[in-house]
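Beneath this line is the structure, given in structure tokens, with notes to follow.
The values are calculated or read from the model by the stated rules, or taken from the named source; none is laboratory data. Only a predicted model underlies this, so the values are computations on that prediction, with no experimental measurement involved. Positions of Cβ are generated from backbone atoms using ideal geometry, with glycine treated the same way; all protein chains shown enter the neighbour counts. Surface accessibility is based on the protein's heavy atoms, side chains included, excluding ligands, DNA and RNA. Shrake-Rupley method; radii C 1.70, N 1.55, O 1.52, S 1.80 Å.
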Amino acid sequence: MNNHPSIVLIIGNSRLHWALFIDKTLYSTGDTFHLPESIIQQLAQNPTLDNWLTAISLPTNLSIIPDYPIPLILASVVPSQTALWQIYPHLHIITLEDVPLQGMYPTLGIDRALAVWGAGKLLGFPTLVIDAGTALTFTGADDNQCLVGGAILPGLGLQLASLGQKTGQLPLLETSLMTSLPPRFAMNTSEAIQSGVIYTLLSGIKDFIEAWWQLFPNSQIVMTGGDSNLLKSYLQQQFPDIAERLIVDNHLIFQGVGNIVIS
């Protein structure tokens, strides 16, 4: 048993998504806000696993914590954050050229490419990935492991925030406070916002899923991202037949990374 650890960092628009691999095994995962530059400098100066575990609080019960430098594998959709990590001495930045998916266009987000690749390798192609993060994205690949395409729209939290921040009198709502579907025809402002955002979002998801199944009737569809469990619970209440066929897996990007670069 080699027990060679690697840290994988996925830089999202609002959070950092971490994974600890031991050899090719995904060992633990976690999320943090973007780290201060001072912490990044400390990790670059002393890139041991012990320092990593302190900085990002990844759970581990390893009996022996190695003291040699730990490689960092990074994929990012935030260029300013990517620049901060360039000082790390054992850095491997993943780009679209590393992803074996065919037919990708140059501006495809690396997070979308890795997620659909991970879903396909884990569950089989064709596959559609719905990433419910800051943006809500749909990304599909066919049975030849070729990109079919997809769509991007503001995610649940971003839609709520835009109404709360860009209007004079509408309240700012938090997704963490939403546990059940609001009444469709609401009698107060907060529930009216929830109704407008949530029901149109669910209808849009349903429409994309049905369109995908017309193309690939037996395809797996996977939801991932911070709002995936919440949106699936809403779909179960609104469209149970569709929700039954959806898989939630918040490790898809890490599966994609592990399949490509972890040796």
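Give me the net charge of residue 45's neighbourhood, meaning all other residues with Cβ under 15 Å from the Cβ of residue 45; Lys, Arg count +1, Asp, Glu -1.
Once all neighbours under 15 Å are counted, the net charge is -3.
Among rounded, prolate and oblate, which fits the stretch 40-189 when a ≥ b ≥ c are the square roots of the eigenvalues of its C-alpha gyration tensor, a/c under 1.5 means rounded, and a/b larger than b/c means prolate?
oblate
Tally up the carbon and sulfur contribution to the accessible surface of the stretch 107-252 as a whole percent, 1.4 Å probe, everything protein left in place.
Summing carbon and sulfur atoms, their accessible area is 52 percent of the total for the stretch 107-252.
Under the Karplus relation 6.51 cos²θ - 1.76 cosθ + 1.60, θ = phi - 60°, what is the ordered set of whole-Hz ³J(HN,Hα) values for the stretch 59-67, x standing for Gly and Pro?
x, 7, 10, 4, 6, 10, 9, x, 9
Per residue, what accessible area does the chain have, given a 1.4 Å probe and all protein chains present, in Å²?
That works out to 49 Å² per residue.
Would you tell me the accessible area of residue 17, worked out with a 1.4 angstrom probe on the heavy atoms of the protein chains, in Å² to the nearest 10?
Surface open to solvent at residue 17 totals about 60 Å².
Just from its helices, what would the mean residue ellipticity at 222 nm be for the chain, if runs of 4 or more DSSP H residues each count -39500 (n - 2.57) and the sum is divided by every residue, rounded to the nearest 500 deg cm²/dmol?
-11500 deg cm²/dmol
On full extension of the chain, what length is gained from residue 86 through residue 42, given 0.36 nm per residue of separation minus the C-alpha to C-alpha distance?
Working it through step by step, the gained length comes to 14.5 nm.
Let me know the shape class of the stretch 5-93, please: from the alpha-carbon gyration tensor, a ≥ b ≥ c as square roots of the eigenvalues, rounded when a/c is under 1.5, otherwise prolate if a/b is greater than b/c, or oblate.
Because a/c hits 1.5 or more and a/b exceeds b/c, the stretch 5-93 counts as prolate.
I want the antiparallel fraction of DSSP beta bridges within the stretch 107-252, as a percent rounded to 5.
Beta bridges within the stretch 107-252, antiparallel portion: roughly 60 percent.
Sorted by accessible area (1.4 Å probe), largest first, how do 191, 174, 97 line up?
Result of the area sort, largest leading: 97, 174, 191.
Of the options 4, 86, 36, report the single residue whose Cα projects farthest towards the positive end of the charge dipole of the chain (beta-carbon charges: Lys, Arg +1; Asp, Glu -1).
Among 4, 86, 36, the one farthest towards the positive end of the dipole of the chain is 36.
Of the DSSP beta bridges with both residues in the chain, give the percent that are antiparallel, rounding to the nearest 5.
In the chain, DSSP labels about 60 percent of beta bridges as antiparallel.
For every other residue with a beta carbon closer than 11 angstrom to the beta carbon of residue 199, add +1 if it is Lys or Arg and -1 if Asp or Glu, then tell me the sum.
Summing Lys/Arg as +1 and Asp/Glu as -1 gives +2.
Where does each of 78, 248, 148 land when they are ordered by accessible area, with a 1.4 Å probe and the largest first?
Descending accessible area places them as 148, 248, 78.
What ranking do 158-169, 124-135 get when scored by the average of other Cβ atoms within 10 Å per residue, highest first?
Packing proxy ranking, top to bottom: 124-135, 158-169.
If one computes the Cα centroid of the stretch 47-86 and of the stretch 116-158, what distance in Å separates the two points?
Spelled out, the Cα-based centre of one part sits 27 Å from the other.
How large are Rg and Dmax for the chain when only the alpha carbon atoms are used, in Å?
19.7, 62
Rounded, prolate or oblate: which fits the stretch 107-252, taking a ≥ b ≥ c as square roots of the Cα gyration tensor eigenvalues, rounded meaning a/c under 1.5, else prolate when a/b beats b/c?
prolate
With springs connecting C-alpha atoms under 10 Å apart, model the chain as a Gaussian network and identify which of 222, 116, 197 has the largest mean-square fluctuation.
Greatest mean-square fluctuation among the candidates belongs to 197.
Just for the stretch 1-113, what percent of DSSP beta bridges are antiparallel, to the closest 5?
65
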